[in-house]
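Inspection log for the structure reproduced underneath, given as structure tokens.
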Amino acid sequence: MLYLEFVVTEDKLGIAETVDLVEGGADITVDKNNLPAYLEAQLRYRLMNRIVFIQYLVLCFKFVGLIYLNNMSYNIHALIMY
């Protein structure tokens, strides 16, 4: 027995959040018969969620950069006009 369940615990800003890897994952104990399915679910979760999170961060940084550049161009335009 591995003493694992089909769940993953993530730390989100200091708060532990448990996510089921499969439906009802907290009730499924990992054993040698379902170990490959557990590893596949872990891999899928970690790869897909990390990629989505990184894409989200890139989008946020680009959006903030656009706001900054737009405000800077307005300030330069205001300086030129006066």
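The values are calculated or read from the model by the stated rules, or taken from the named source; none is laboratory data. Please read all numbers here as calculations on a predicted model, not as lab measurements. Glycine also receives a Cβ, built like all others from the backbone with ideal geometry; neighbour counts cover every protein chain displayed.
Counting only residues that are β-branched (Val, Ile, Thr) and farther than 19 Å from residue 9 by Cβ, which one in segment 27-60 is farthest from the chain's Cα centre (by Cα)?
58
Given (1) among the basic types (Lys, Arg); (2) assigned to a helix (DSSP H, G or I); (3) modelled with pLDDT of 75 or more, where does residue 32 come up short, assuming only one miss?
So residue 32 meets the others, but not (2).
Restricting attention to segment 1-42, report how many residues are among the aliphatic types (A, V, I, L, M), loosely packed, with under 11 Cβ neighbours inside 10 Å and free of Cβ contacts under 8 Å to residues at least 24 places away in the same chain.
The qualifying residues number 3.
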